[in-house]
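*Asks:* Quick one: the structure is below, and I'll ask about it shortly.
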Amino acid sequence: MAVTSDPLDGVLLDGRYRVEAKIAVGGMSTVYRGLDIRLDRPVALKVMDARYANDSQFLTRFQREARAVARLKDHGLVAVYDQGLDAAHPFLVMELVEGGTLRELLRERGPMPPHAAAAVLRPVLGGLAVAHRAGLVHRDIKPENVLISDEGEVKLADFGLVRAVAEAGITSTSVILGTAAYLSPEQVSSGTADPRSDVYAVGVLTYELITGATPFSGDNPLAVAYLRMDHDVPPPSSAISGVPPPFDEFVARSTARDPDERYADAGEMAEDLDAIAAELALPKFRVPAPQHSAQHAAATAYHSRLAEVPTIGQPVKNPTRQLVRTPEDFQPAPEPVADEDEYQGVPRQFAGIDINDFAWARQRARRAVVSWVLAVLILTGLVAAGAWTLGTNLQGLIGQ
């Protein structure tokens with residue numbers, strides 16, 4: 001068996017979800033491209049760090065938050081399918097968004113014009129509004145958690161994880177360090193959060209979309225977080241020219257230091273954004289997915305692996321493995337029973353093309369050959385019949 005750099009590569013989580021390729025690594029989790037072998041459906045697997053596996057408070061909160069988020073339905077939210085614990089790794093199973101993150105798009109293209117920023121914010125606020133009506137708060141809105149599909153869909157991910165980690169028995173400074181630029185003043189001072197905290201984060205996100213940078217900078221993330229305690233977010237027009245005044249007002253209201261002066265929730269904020277778009281007659285815009293995203297790289301690695309079909313007698317390069325129920329080690333396990341799309345652990349593909357396509361092509365070729373043979377036979381028969389008829393009447397024709 002080939003040695004893999006990631007111990008989870010090829011592992012089958014909970015006997016159902018196969019880890020295929022790493023997408024991204026964060027402070028408290030790693031995201032993989034995976035496959036639900038029961039439904040033959042590609043999924044995103046967020047595998048939490050092993051240090052959370054033995055924290056019962058975290059696991060309870062993790063399960064509770066996953067159930068709550070799974071009930072949310074909106075085009076602006078990444079769907080949650082399942083959650084579980086396999087060996088030393090709690091994990092979350094989510095919709096796989098083929099595309100990339102808003103962070104990657106900003107790195108590729110820089111600041112956005114107002115109509116493009118509005119196109120990003122509408123689905124984000126729409127998904128947040130559904131969550132706020134259900135009594136849920138995101139707490140970690142940032143470009144890394146906004147996904148953009150290749151079809152132009154914009155979706156918000158990672159509901160509930162920050163709350164689960166924050167209430168765990170393990171201290172996690174990565175939660176603060178990773179979100180310092182978007183935290184509301186009340187989150188910094190007391191750790192409390194409500195829908196208005198999400199509104200503040202979306203206001204900072206709006207500033208960043210238009211200017212290409214976050215409003216505060218400092219020597220370290222904690223210094224950045226505490227700057228907002230005594231300073232207002234400046235208007236975007238102070239950093240870049242040509243910003244319409246309604247967007248300055250939109251950012252100012254959403255990032256007011258006093259929560260009571262902000263929009264009450266994402267629904268109210270979305271209504272004001274729509275009013276601004278109508279006032280400025282902003283054109284519709286299809287948000288492009290980043291071209292050089294980690295997700296695209298993972299997809300390329302995954303499809304390249306599928307194309308490497310082994311010949312008879314050669315071992316599979318990365319066979320599916322089961323996690324052993326000990327946190328210290330991982331051992332290979334027998335291959336799972338192959339479903340109708342697999343045979344003895346080998347994907348039914350060749351060079352990335354489904355074998356069924358080849359079978360269909362062969363059937364079509366056979367039908368074409370049969371049709372040509374029948375046409376030739378019929379044509380030959382007609383010629384022969386004509387010749388016979390001409391021959392029997394030849395003397396009569398000559399006599400005339």
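What follows draws every value from the coordinates through simple rules; no lab data is involved. Quantities reported herein were computed from a predicted structural model and do not represent experimental measurements. A quick note on method: Cβ atoms are made from the backbone with ideal geometry, for glycine too, and the neighbour counts reach across all protein chains shown.
*Asks:* Search the structure for amide H atoms under 5 Å from the amide H of ILE23, placed 1.01 Å from N in the peptide plane, and list their residues when 5 or more places away or on another chain.
*Replies:* It is VAL31, TYR32, ARG33, by chain and number.
*Asks:* Provide the per-residue ³J(HN,Hα) series for segment 143-148, in order, calculated from phi with Karplus coefficients 6.51, -1.76, 1.60 and θ = phi - 60°, each as a whole number of Hz, with x at glycine and proline positions.
*Replies:* Result, ordered by residue: x, 5, 9, 10, 9, 10 Hz.
*Asks:* Moving on to the next point. Could you pull out every one of the lysines with an alpha carbon less than 17 Å from that of LYS155, ignoring same-chain neighbours closer than 8 positions?
*Replies:* Reachable lysines: LYS46, LYS73, LYS142.
*Asks:* Please find the FRET efficiency linking SER5 to ARG109, where r is the Cβ-Cβ separation and R0 is fixed at 30 Å, and quote it to the nearest 0.05.
*Replies:* 0.45
*Asks:* Measuring from centroid to centroid over Cα atoms, what is the spacing of segment 197-256 and segment 104-150 in Å?
*Replies:* Comparing the Cα centres of segment 197-256 and segment 104-150, I get a distance of 15 Å.
*Asks:* Right, another one. Would you please state which residues of segment 104-132 a label at HIS292 would reach in this model, taking the label point 7 Å out along Cα→Cβ and a backbone N cut-off of under 19 Å?
*Replies:* 104-112
*Asks:* Using a simple spin-label model with points 7 Å from Cα along the Cα→Cβ vector, what separation in nm is obtained for LEU222 and ALA53?
*Replies:* Here the modelled spin labels are 3.1 nm apart.
*Asks:* Shifting gears a bit: Measuring from a point 7 Å past the Cα of LEU280 along Cα-to-C-beta, which residues in segment 125-141 have an amide N at less than 11 Å?
*Replies:* none
*Asks:* Just to verify a number: FRET efficiency for SER304 and ALA213, C-beta to C-beta distance, R0 = 56 Å, to 0.05?
*Replies:* FRET efficiency, SER304 to ALA213: 0.95.
*Asks:* Test of understanding: what is the full-extension gain from THR192 to ASP40, defined as 0.36 nm times their sequence separation minus their Cα-Cα distance?
*Replies:* 50.6 nm
*Asks:* Taking θ as phi - 60°, what are the ³J(HN,Hα) couplings along segment 151-158 by the Karplus curve (6.51, -1.76, 1.60), each to the nearest whole Hz, with x for Gly and Pro?
*Replies:* With the stated coefficients, segment 151-158 comes to 8, x, 6, 10, 9, 9, 10, 6 Hz.
*Asks:* I need the phi-derived Karplus couplings for segment 260-271: 6.51 cos²θ - 1.76 cosθ + 1.60, θ = phi - 60°, integer Hz, Gly and Pro marked x.
*Replies:* The phi angles translate into 5, 8, 8, 4, 5, 6, 5, x, 5, 5, 5, 4 Hz.
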